[in-house]
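K.L.:
Have a look at this one.
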């Protein structure tokens, strides 16, 4: 496989060094840090001083990224590609079982965990698809860190949210991030939480790029 032609690699390089094209998003940066226990934490709201930027959406004035910045972005994308490739079959099976696009699952994983199955968020969400323990229990997960169970449950949850919110992708993603109750409380609108307002367009941007590369065959 020629890595430089892989669609996900191209996506991650663009997400790291290219300007944001979605007008609704001023910044959609992703930060991470690894704690003393070896667990990597991800967030788009860096509330801890240990967070370091790993996925940047440059401001409009930074449309021409320096060559060194592009090289770093490409190296990081290659690393993510290597980690993501082994999950392709799991993602495809889980997405089809949940009747959603595999690339939607991939996009959620990119933003949620960067394909790190040991990721833990500041709110206690865990694994590739950052499942809350309550959500994991709802879908019969016995080992939340297990990629197969985590992806299967996350895909089922996304599928159920798409049904609940009438195939409205923005609302489904908002509910995935903030909870179904929050979306309902705000009259079936995206809750005005900073993290959720960043999260929804971030996932959609990644998802649309993956679709444009022709990865999904449709479900």
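K.L.:
Could you grab me the full set of residues in the stretch 136-179 that are crowded, with 20+ Cβ neighbours inside 10 Å, over 15 Å from the mean Cα position of the chain (by Cα) and free of Cβ contacts under 8 Å to residues at least 24 places away in the same chain?
P.N.:
Selection gives 136, 141, 144, 149, 161, 171.
K.L.:
Here's a follow-up. With (1) part of a loop (DSSP other than H, G, I, E, B); (2) within 22 Å of residue 200 (Cβ to Cβ) as the list, and residue 109 as the residue in question, which single condition is left unmet?
P.N.:
(1)
K.L.:
Residue 99 - would you say it is in a helix (DSSP H, G or I), farther than 23 Å from residue 195 by Cβ and at pLDDT 95 or above? Break it down stepwise before answering.
P.N.:
Values: in a helix (DSSP H, G or I): no; farther than 23 Å from residue 195 by Cβ: yes; at pLDDT 95 or above: yes.
It is false that residue 99 is in a helix (DSSP H, G or I), farther than 23 Å from residue 195 by Cβ and at pLDDT 95 or above.
The values are calculated or read from the model by the stated rules, or taken from the named source; none is laboratory data. Everything quoted here is computed from the prediction, not taken from an experiment. Don't worry about glycine lacking a Cβ; one is built from the backbone with ideal geometry, like all the others, and counts go over all protein chains shown.
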